[in-house]
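The values are calculated or read from the model by the stated rules, or taken from the named source; none is laboratory data. A quick note: this is a predicted structure, and the numbers were derived from the prediction, not measured. All Cβ positions, glycine included, derive from the backbone under ideal geometry; neighbour counts span all protein chains shown. We work out accessible area using only protein heavy atoms, side chains counted, and drop any ligands, DNA or RNA first. Shrake-Rupley method; radii C 1.70, N 1.55, O 1.52, S 1.80 Å.
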Amino acid sequence: MFDPIVNFFTRVFQAIGRGIGLVIAWICWPFVAASRWYARRGWLIKGPIGIGLLVLIGLYGYFFWNTQRWTGFDPDYVQAYNLASRNLSAGEQVSAADGGDTTRTCGRSAIADVTADLVEFNVNENAWISSMILYKLGLFGMDWDHTPWLDNKASFQRGVNQAIRRTSIELVDTLGRIRGTSQIDQNLQDARGNLQFDEYTWYFGLNPFGPKTPTPSFYRSAIRDLNTFNDRLEACNAVFDARADNLIQFIDRIANDIGSTSAILRERSEAYNYGWFDTRADDRFWFAYGQLYGYYGILHAAGADFEDVIRQRAILPLWQQTEQQLRAALNIRPFIISNGNEAGWIMPTHLATMGFYVLRVRSNLVEVRQVLDR
């Protein structure tokens, strides 16, 4: 009685098996044909091709290792700075110690220190993925960002770099000079120029054609510039203008920056909710995550650099709440990023969740700005 049903399902599974076999054969055919061609060649041809294949395999192994190995990643990295015990604003002169020592010392900028350390984390502790030759070549010519593989770390690094770039601009335009003057600190200016450099440059390029200085070299130069500025600031030979209006402008810029990211997340979440099959969802998610990771340290540092302003305006609880919101966002680290429908019940919607945290942080920043502006 059940024979027709059994036969039906047998034919279905046989058809599925044949289909899978045809797909595998189609994928493997170029490699099989190439191996047969290679086997019939002489050693004058086999040798160079074999060496080239070994080099390519080695490059892919190195590329795979660096995309999966996240050295120094720590959502609680701000605790290592112990800024809560500093009680000294950036640029504030330290009181002379007893004993007649007249050497002047001033408070270092925690913002500059954290920014330099974030660059160090991106290009020295880890390889900068976006300018690697195999990342630029893509998967058979397809941009890695359009695949679900090997691009999460690159997106995260670019998100951190977005926070770094925004901060470097504010250090030059407002924080690192007295308001109303045209004099720009040269070290901060050099750091900003280096950090604005293209994120994708390798040792060689086609437009313009010829050898180039790769992206990580420019970013490493920015580390030296930021540290030099801070050394000069500590010796009271540089300026950090820790005024309330400068903090307001700094917060405004950060709020606008993450507001743009929120709009990108919303657009992707609403228009491309394909669940686990949205190959760009992971790029958007890890960029936003990296941006919040960077701003978590930078805003924690700003709380120390503007210690006097925060204490005088009595906004410490609100400032700490903003930091807590940032830290809470860093707890979201799903194994696979899904961009499902918000009303769905099978595939989660990680982009909407990240967008919620981004908007919550932005809302707190706007509230801090309003209190400071009263």
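Its convex hull of Cα atoms gives the range 33-189 a direction-averaged projected area, equal to a quarter of the hull surface, of 16.5 nm².
Name the shape class, rounded, prolate or oblate, that the alpha-carbon gyration tensor gives for the range 133-195, where a ≥ b ≥ c are the square roots of its eigenvalues, rounded holds for a/c under 1.5, and otherwise prolate holds if a/b is larger than b/c and oblate otherwise. Cα axes put the range 133-195 in the prolate bin. Estimated from the Cβ-Cβ distance and a Förster radius of 45 angstrom, the FRET efficiency linking Q189 and Q68 is about 0.75.
Taking amide H positions as modeled 1.01 Å from N, with prolines and chain starts lacking one, the residues under 5 Å from L139 and 5 or more places away or on another chain are W144.
Given a 1.4 Å probe and the protein chains as shown, S217 ends up with an accessible area of around 40 Å². Counting only protein chain heavy atoms and rolling a 1.4 Å probe, the accessible areas of Y77, Y272, Y295 rank, largest first, as Y272, Y77, Y295. Rounded to the nearest 10 square angstrom, F277 shows an accessible area of 150 square angstrom against a 1.4 Å probe.
Would you work out the relative contact order for the chain, in percent, from Cα pairs under 8 angstrom that are 6 or more residues apart? Relative CO of the chain lands at 21 percent.
The C-alpha radius of gyration of the range 260-374, expressed as a fraction of 2.2 N^0.38 Å, stands at 1.21. Shown for the range 99-150 is the translational diffusion coefficient from the Stokes-Einstein equation, using the Kirkwood radius over Cα pairs, a temperature of 20 °C and a viscosity of 1.002 mPa s: 146 µm²/s.
From the Cα gyration tensor of the range 156-271, with a ≥ b ≥ c the square roots of its eigenvalues, which class applies: rounded if a/c is under 1.5, or else prolate if a/b is larger than b/c, or else oblate? Oblate shape, in that a/c is at least 1.5 and b/c is the bigger or equal ratio. Can you send over the carbon and sulfur percentage of the accessible area for the chain, probe radius 1.4 Å, protein chains only? Result for the chain: 59 percent of the exposed heavy-atom area is carbon or sulfur. Label-to-label distance for A33 and K46 is 2.3 nm, based on points extended 7 Å past Cα in the beta-carbon direction.
Taking all protein chains as they are arranged and a probe of 1.4 Å, the heavy atoms of C106 leave approximately 10 Å² accessible to solvent. Within the chain, the cysteines lacking any other cysteine Cβ closer than 4.7 Å to their own Cβ are C28.
By the rule of a C-alpha distance below 17 Å, with chain neighbours fewer than 8 residues away ignored, the lysines paired with K153 are K136.
Only helices reaching 30 angstrom along their own axis (Cα) with mean Kyte-Doolittle hydropathy no lower than 0.0 count here, and for the DSSP H runs of the chain these are 3-39, 43-68, 350-372.
The Cβ shell under 15 Å around R313 holds other residues with a net charge of -2, Lys and Arg each +1, Asp and Glu each -1. Per the helix-only calculation at 222 nm, which mean residue ellipticity applies to the chain, given -39500 (n - 2.57) for every DSSP H run of n ≥ 4 and division by its residues, nearest 500 deg cm²/dmol? After summing the helix terms and dividing by residue count, I get -20500 deg cm²/dmol.
As a calculated quantity, the FRET efficiency between E92 and F335 at R0 = 45 Å, using C-beta atoms, amounts to about 0.50. In a reduced charge model with +1 at each Lys and Arg Cβ and -1 at each Asp and Glu Cβ, the chain shows a dipole moment near 1440 debye about its Cα centre. Determine the sum of side-chain charges near L351: Lys and Arg each +1, Asp and Glu each -1, restricted to other residues whose C-beta is under 13 angstrom from that of L351. Net charge around L351: -2.
For the range 325-339, the residues whose backbone nitrogen is under 19 Å from a point 7 Å from the Cα of R360, taken along Cα to Cβ, are 325-335, 338.
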